[in-house]
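Structure incoming, see below.
Read the figures in this text as sums done on the coordinates, not as results from a lab. Bear in mind the structure is a predicted one, so any value in this text is a computation, not a measurement. Positions of Cβ are generated from backbone atoms using ideal geometry, with glycine treated the same way; all protein chains shown enter the neighbour counts.
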Amino acid sequence: MEISFLGANAVALNTKTAKILVDPSVPGVKVDSGRANIILLTHPQEIKVKVDRLLIDTPGEYEVKLVSFKGIPARSHMDEAGKHSATMYRIDSADARVGIIGHIYPDLSDEQLEALGTLDILVIPVGGNGYTLDDEGAAKVVRQIEPKIVIPVHYADPAVKYEVPQAELKEFIDEIGGPVQEAQQYKAKSGEYPEQMTIVTLSRTA
């Protein structure tokens, strides 16, 4: 699996059989969704999808193109207690077990953690300021899940026109600590993950 960062909460995950796009709406940045055949949305939003693509935007279990998806209901960062308008995802391919978190409230239940299970890679927003997880909230979720690789998204970027200013990536890196790697793209291979949890910062490619 190859993972690319497109800005805001948008990432592309490409396997040998599937091209997956997560949250492709990035204000101020044009994301080419033409090559994706599966689109995942972590929160309700308007998006136009061609008839030959699959749109997943609700909790449930799906298997498409040799990839398994599990949508897990979650409290959005701005939801009232008891409401679950967001969806987290677990994606299983031959090479990787990936968690997509989205803009959630940073208190995961035992049931949610069990549904996410053991993950190799966690994609998590870190920009805070009342819009999404901040550095402390994101670090709390990461420590609950304990993935091998953490890919932070949705942080300050002058090209992205956020509704609310986002914190710098460095704040999350300082909060979580540990090894950091920079890459243009992350190539996941089964059995080749680091023993110590590592933050991988990806260059925006959109």
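Just to be sure I understand the model, the point goes 7 Å from the Cα along the line to the Cβ. What's the resulting Asn37 to Ser190 distance in nm?
Distance between the two pseudo-spin positions: 2.0 nm.
Right, here's the next one. How much length is gained if the chain between Gln181 and Glu80 is pulled fully straight, taking 0.36 nm per residue apart and subtracting their Cα-Cα distance, in nm to one decimal?
32.7 nm
Out of all Cα-Cα pairs in the range 94-206, roughly what percent, to the nearest whole number, are more than 25 Å apart?
So the pairs more than 25 Å apart make up 19 percent of the total in the range 94-206.
Continuing with the same structure: Go ahead and estimate [θ] at 222 nm for the chain from helices alone: -39,500 (n - 2.57) per DSSP H run with n ≥ 4, summed, over the residue count, rounded to 500.
-3500 deg cm²/dmol
Right, another one. Can you tell which of Tyr162, Ile151, Pro59 lies farthest toward the positive end of the dipole of the range 58-202, using +1 and -1 charges on the Cβ of basic and acidic side chains (Lys, Arg; Asp, Glu)?
Pro59
Arrange the peptides 30-41, 156-167, 83-94 so that the one whose residues have, on average, the most other Cβ atoms within 10 Å appears first.
83-94, 30-41, 156-167
Let me ask something else. What is the magnitude of the charge dipole of the chain about its Cα centre, with +1 placed on the Cβ of each Lys and Arg, -1 on the Cβ of each Asp and Glu, and no other charges, expressed in debye to the nearest 20?
Roughly 900 debye, rounded to the nearest 20.
Here's something else I'd like to know. Compute the length gained on full extension between Tyr62 and Ser109: take 0.36 nm times their separation in residues and subtract their Cα-Cα distance, giving the result in nm to one decimal. Let's see the in-between values first.
Numbers: separation 47, 0.36 × 47 = 16.92 nm, distance 2.23 nm.
So the chain would gain 14.7 nm between Tyr62 and Ser109.
How many nm separate the modelled label positions at Lys30 and Lys170, each set 7 Å beyond the Cα in the direction of the Cβ?
3.3 nm
Spelling out what I want: for every residue of the range 178-189, take phi, set θ = phi - 60°, compute 6.51 cos²θ - 1.76 cosθ + 1.60 (Karplus), and round to whole Hz; glycine and proline get x.
Along the range 178-189, the couplings run x, x, 10, 10, 10, 8, 6, 8, 9, 9, 8, 9 Hz.
What is the gain in length, in nm to one decimal, between Gln144 and Thr118 on full extension, counting 0.36 nm per residue of separation less the C-alpha to C-alpha distance?
Stretched fully, the Gln144-Thr118 segment lengthens by 8.3 nm.
Under a straight-distance cross-link criterion of Cα-Cα below 16 Å, which aspartates and glutamates are reachable from Lys65, leaving out those fewer than 8 residues away in the same chain?
Here the aspartates and glutamates satisfying the reach criterion relative to Lys65 are Glu2, Asp52, Asp92, Asp95.
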